[in-house]
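The values are calculated or read from the model by the stated rules, or taken from the named source; none is laboratory data. What you are looking at is a predicted structure, and each value in this text was computed from that prediction instead of being measured. Cβ: placed from backbone, ideal geometry, glycine included. Neighbour counts: every protein chain shown. Note: areas computed on protein heavy atoms with side chains; ligands, DNA, RNA excluded. Shrake-Rupley method; radii C 1.70, N 1.55, O 1.52, S 1.80 Å.
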Amino acid sequence: MDQGARETVVVAVAEMAVLRALQVAGRRLLARRSRAVRGSLQAVPPWELHVHVPVGDTDLDLLLRDAWVIPEAVGLPSMMIERLDQHVRILLAAGLGYRRGDLIKTVSRLPLQQLELPWNTHAGTDETHAQGG
């Protein structure tokens with residue numbers, strides 16, 4: 001895979017992982033609110049709720065608990081997950097909405113050539129899932 005294609009795939013995978021983490025956090029954030037607050041936010045996608053409901057720094061660990069289990073299960077490198085987690089924590093704490101351009105900047109700081117990505121190794125998700133099922 002050439003460098004441009006590799007970067008595109010990494011950004012796409014990172015985007016899905018980040019949006020899922022924001023979705024997990026948003027659902028938990030909404031569940032902790034009163035019925036009146038939840039009702040007014042029903043039309044807001046869960047990955048955008050933190051823009052409307054303040055998130056305290058002390059809430060981040062609880063909101064993001066298990067948010068990265070799928071990226072971990074498919075074999076994304078821990079360094080990549082750590083950077084994506086930092087990105088999501090900044091968005092949540094600052095009440096900033098997701099923007100692809102900001103994520104691209106975060107991903108561009110990763111040493112892409114040095115990362116062992118799951119689709120470049122022989123131990124892919126097919127083998128992982130076959131073992132579990």
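Some observations on this one:
- Within segment 58-74, the set of residues being farther than 13 Å from ALA25 by Cβ and more than 16 Å from the chain's Cα centre (by Cα) comprises just one member, THR58.
- On the stretch given as segment 87-107, residues that are without any contact (Cβ under 8 Å) to a residue 60 or more places away in the chain and either in a helix (DSSP H, G or I) or of a type in the set (Val, Ile, Thr) (or both) total 7.
- Residues within segment 63-86 that are touching a Lys or Arg at 6+ places or on another chain (Cβ under 9 Å) and assigned to a helix (DSSP H, G or I), tallied: 4
- Selection within segment 1-29 - hydrophobic (A, V, I, L, M, F, W, C), open to solvent by less than 30 Å² (accessible area, probe 1.4 Å) and free of Cβ contacts under 8 Å to residues at least 60 places away in the same chain: VAL24, LEU29
- Residues in segment 75-105 that are open to solvent by less than 50 Å² (accessible area, probe 1.4 Å) and more than 12 Å from the chain's Cα centre (by Cα): GLY75, PRO77, ALA93, GLY95, GLY97, GLY101, ASP102.
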